[in-house]
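Input: a single structure, listed below in structure tokens.
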Amino acid sequence: MALDGQLVCIFGGGGFLGRYISQQLLSRGARVRIAERDPKNALRIKPLGNLGQTQFASADVTKKESVVRAVHGCDAVINLVGILDGDFDDVHVNGARNVAEAAAETGCSALIQMSAIGADIESPSRYGRSKGEAEEAVRAAFSSAIIMRPSIVFGREDQFINRFAAMITMLPIVPIIGGGTKFQPVFVGDVAQAVAAALDSPAQYAGQTFELGGPEVVSMGDLNRRIAKMTKRDRGFVEIPDFAAKLMATCTGFLPGAPITSDQYKMLQKDNVVAAGQAGLEAFGVTPTPLASVARGWMDKYTSHGRFGARAKAS
């Protein structure tokens, strides 16, 4: 296998997506170096590989010196670092630039920048704009970088499907913000396979941008109703009018625990789906996985009697 023995540094590798990517790379014989501000956050990855297959490095993408140390001796680099609130310019733009420059300076043969659908330097949201600027910074420093833009990524440990499932569990009437906004949720395992395939043949994908989406396009409202059905919860749903959502985001979005920030509201004004004609999972030989085919395995815990009660009832 092309990845056998290769050393891949993964910034943000201790997170949700990083764990799946690490598992894919380790299964193909690669060695992985997980770069995190606190490496203890990634220790769960160690049992996924054989002895000596995993390494850990303390690094902060906003600090160039630590990034250079982390990528030293690596064959390829993956940048997964991203935030939903905070200093987008420092983390997304400067951080991505630091990673790309370090990868180029140390002679890495491949770089994957994990971006997002909606990345655009003209985006009205700071998140989308910073993701677009990060792509430009990466291209300037490492022209052959492979950029991947997933839609919402789902999986057992995600912070998206689980968030709504928990809300549906607690509330008899569930408010929905941005009910008409469309998404194309993509399975975390499919994204991980695409990343591994790209590093298997980096020359084939060099300098290209890919948008990764699942097999279904679904609105925010329909997604919530599907989750309720999967968790066997009979709930009422109220779609918050756009003017009310905007007022909420403007007046309370800056407060801790606010249901929606002003920037998130702006992101919801545009559908999060793969652009027509844009290359995606099929370019890596990956067949998109439907949400329903994998969600059942972890939605049981949100049913009225929990996972074991649900299984007992089913049997």
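Bear in mind these aren't lab numbers, they're just calculated from the coordinates by the rules spelled out. Here the structure is a predicted model, which means the values were calculated and not measured. With ideal geometry, Cβ positions are generated from the backbone for all residues, glycine too; neighbour counts draw on all protein chains shown.
Under a model in which nothing but the beta-carbon of Lys, Arg (+1) and Asp, Glu (-1) is charged, segment 7-83 shows a dipole of about 140 debye around its Cα centre.
Taking the Cα centre of the chain as origin and assigning +1 to Lys and Arg Cβ atoms and -1 to Asp and Glu Cβ atoms, the resulting dipole is close to 1340 debye. Of the trypsin sites (Lys or Arg not before Pro) in segment 64-158, the ones in a loop by DSSP (not H, G, I, E or B) with at most 16 other beta carbons within 10 Å are Arg156. A cysteine counts as unpartnered when no other cysteine's C-beta lies under 4.7 Å of its own; in the chain this applies to Cys108, Cys251. Each Cα pair under 8 Å and six or more residues apart adds its sequence gap; the mean of these over the residue count of the chain is a relative contact order of 16 percent. Mean residue ellipticity at 222 nm from the helices of the chain, using -39,500 (n - 2.57) per DSSP H segment of n ≥ 4 over the full residue count, to the nearest 500 deg cm²/dmol? When only DSSP H runs of four or more count, the value is -11000 deg cm²/dmol. All other residues whose Cβ lies under 11 angstrom from that of Gly280 are scored, Lys and Arg at +1 and Asp and Glu at -1, for a net of -2.
Projecting each Cα onto the charge dipole of the chain (Lys/Arg +1, Asp/Glu -1 at the beta carbon, about the Cα centre), which of Val153, Ser304, Leu199 comes out farthest on the positive side? Positive-most Cα among the choices belongs to Ser304.
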